[in-house]
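Have a look at the structure below before the remarks.
The values are calculated or read from the model by the stated rules, or taken from the named source; none is laboratory data. This structure is a prediction, so every number in the text was calculated from the model and none was measured. Backbone-built Cβ (ideal geometry, glycine too); neighbour counts: all protein chains shown.
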């Protein structure tokens, strides 16, 4: 048997990776190109817009929630899309609304989780709207970001202008 022979005892589930096969054949999906970099190694470029999503700086999207969870979530996602287009990898804590529907937790749990994740972010974006300005939860997140020396932005800025790796 030659070096390219495959043993019949190999596990197809652990050895076969469809995305690697598509990569080799030049058939990677757009999603795979963005996430695993099947076309080029984007992390070698200077503009985060050209980086793999996994290499972009992470920005925490702070916005109102308790006043109106569905509207607050929509608002945060709309801003997150703009941040994504500006070269950031936005984290929207509001998305836990779906998690909580399936596995409910106390508000205290969610606040603690959000602050823990905020500490792992490279920056914070505060949604510019009246309900966010009045939110006590956002005020606590801002205080926490200040204590952790996390840069805070109140407008969409290009990641390349604010972040260097």
Query - One residue from 161, 114, 149, 100 being at positive phi and free of Cβ contacts under 8 Å to residues at least 60 places away in the same chain - result: 149
Requested in this report: Just give me the residues in segment 78-105 being in a helix (DSSP H, G or I) and crowded, with 16+ Cβ neighbours inside 10 Å, in sequence order.
Outcome: 79, 80, 83, 84, 93, 94, 96
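Quick check on residue 89: is it assigned by TED's automatic domain parsing to the domain that holds residue 155 and at pLDDT below 90?
Working: assigned by TED's automatic domain parsing to the domain that holds residue 155: yes; at pLDDT below 90: no.
So residue 89 fails the test.
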Report summary line: Expected output for segment 126-143 (first residue more than 14 Å from residue 78 (Cα to Cα), partner part of a strand (DSSP E or B), Cβ below 6 Å, 6+ apart or cross-chain) is 138/62; 141/62
